[in-house]
C-alpha cells in the first residue's frame, strides 16, 4: 500500500497531464468552443480593463506617490494592519480594479524594497478582491437582477476583506523583519525623470503585457478545463456523491464550478435563486470572497517571481469567503 502511495505521488502530474491531453482529443469540439469563449472574454473584457491598471501601477511605483501615501497613512496602517502606510496603494487598487491587481502592486512594492517579505505575505492575503463593477453590474444587476443585492454582496465582500486584514496583522509577528521604507524614498532622488521616461514606460508596458498574457492563458485554460469537467460529467458525478449528504445536486455543482473558476461558478450559483433563494445568495457571497482555483493560480504566477508564499493567500481567501457569508446573512 505504501509502495502504491509513493508511486502515485511520484507520477501524479504525469498521470494528470496525460489524462488532460487525452481529454483534449476526446472532447475537441466542445473544448474548441470553450477556448474561443475564454479568448473572447479575455480580449474584450479582461485585457482592456486590466492592462491600463498594470501599466499605471508599474509607473506609480517609480514615483514618490507611494512615499507620500505612506507618510499620510502610516499612523493608521501600522497600528491596525501592521504594514507600512505605502501598502495602502495595494489595498486601494486591489479593491477598485479587482483580481489580480493587488498581487501585482504587492510585488512591485517588495521589488522596490518598500515592504519586507513578511509584510508582502500579510498583504497578499487580503489585497486581491472581486472588483466593485463586477459585483454590482455583473453579479447584482445582470445575474440576479437586483441592484440592492449587489450592494449587499459588495459591502459584505469589503467588510470581510478588512476583517481578514486585521487578523493577518499577527502573521509571523514574532519574526524580526526589516522595513525599507525610510531609506528607499526621498524626493530628491526619484528613479523616474523626464530623460528616462520613455525607457521606464517601455519597460512598464513590456512587464504588463507579460503578466496580462499569463492571465489570459489561465482564463482560456480554465475555460477548457471546465468544458472537459462538464462534458465528461465529472461535476455531475461529484454532485451526486455530495447528494448522499443531503446537499442538492444543483448546489454542489455550482459550488464545485465556482471553486474551479469564479465567473462560471457565480453564474451557476445565481441560477439557483428561484429554487434556493438564501443558499444562492450565500453561495455567491462565498465564491466572490474565495476567488477560485483559476484566480489562485493567476496570483501564484505573479507572486512566485518575488518568492512570496501562496499559503497566506489561500488561508486569507478561505476566511474571506466564510466572513462574507456571515456578513451577507446579517445584512439580508
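The values are calculated or read from the model by the stated rules, or taken from the named source; none is laboratory data. Fair warning: this is a prediction, and the values are worked out from it, not measured in the lab. Here the Cβ positions follow ideal geometry from the backbone for every residue, glycine too, while neighbour counts run over all protein chains shown.
Screening residue 281 against (1) touching a helix residue (DSSP H, G or I) at 6+ places or on another chain (Cβ under 6 Å); (2) assigned to a helix (DSSP H, G or I) leaves a single unmet condition, (1). The residues listed here are 104, 45; of these, the one that is free of Cβ contacts under 8 Å to residues at least 60 places away in the same chain and either over 18 Å from residue 302 (Cβ atoms) or in a helix (DSSP H, G or I) (or both) is 45.
The residue that is nearest to residue 262 (Cα to Cα), counting only those in the stretch 107-126 that are touching a helix residue (DSSP H, G or I) at 6+ places or on another chain (Cβ under 7 Å), modelled with pLDDT under 90 and outside any helix (DSSP H, G or I), is 115.
Of all residues in the stretch 60-76, how many are in a helix (DSSP H, G or I) and either surrounded by fewer than 18 Cβ atoms within 10 Å (Cβ to Cβ) or on the phi > 0 side of the Ramachandran plot (or both)? The qualifying residues number 7.
For the stretch 312-329, give me each residue that is under 29 Å from residue 217 (Cβ atoms) and touching a helix residue (DSSP H, G or I) at 6+ places or on another chain (Cβ under 8 Å). I'd like the intermediate steps shown before the answer.
Taking the stretch 312-329 first, the residues under 29 Å from residue 217 (Cβ atoms) are 312-321, 324.
Selection gives 312, 313, 314, 316, 317, 318, 319, 320, 321, 324.
Yes or no, residue by residue, for (1) closer than 23 Å to residue 312 by Cβ; (2) under 20 Å from the mean Cα position of the chain (by Cα):
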site	(1), (2)
64	no, no
68	no, no
74	yes, no
90	yes, yes
118	yes, yes
142	no, no
147	no, no
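Pairs linking a residue in the stretch 229-242 that is farther than 26 Å from residue 21 by Cβ to a residue that is modelled with pLDDT of 80 or more and in a helix (DSSP H, G or I), with Cβ atoms under 6 Å and 6 or more positions apart or on different chains, are 242/252.
Residues in the stretch 239-270 that are surrounded by fewer than 19 Cβ atoms within 10 Å (Cβ to Cβ) and more than 23 Å from the chain's Cα centre (by Cα): 240, 241, 242, 243, 244, 245, 246, 247, 248, 249, 250. Could you tell me whether residue 161 is under 18 Å from residue 295 (Cβ atoms) and in a helix (DSSP H, G or I)? So residue 161 fits the description; yes.
For first residues located in the stretch 282-293 and without any contact (Cβ under 8 Å) to a residue 24 or more places away in the chain and on the phi > 0 side of the Ramachandran plot, partners that are surrounded by fewer than 24 Cβ atoms within 10 Å (Cβ to Cβ) and in a helix (DSSP H, G or I) and lie 6+ apart or on another chain with Cβ distances below 7 Å do not occur.
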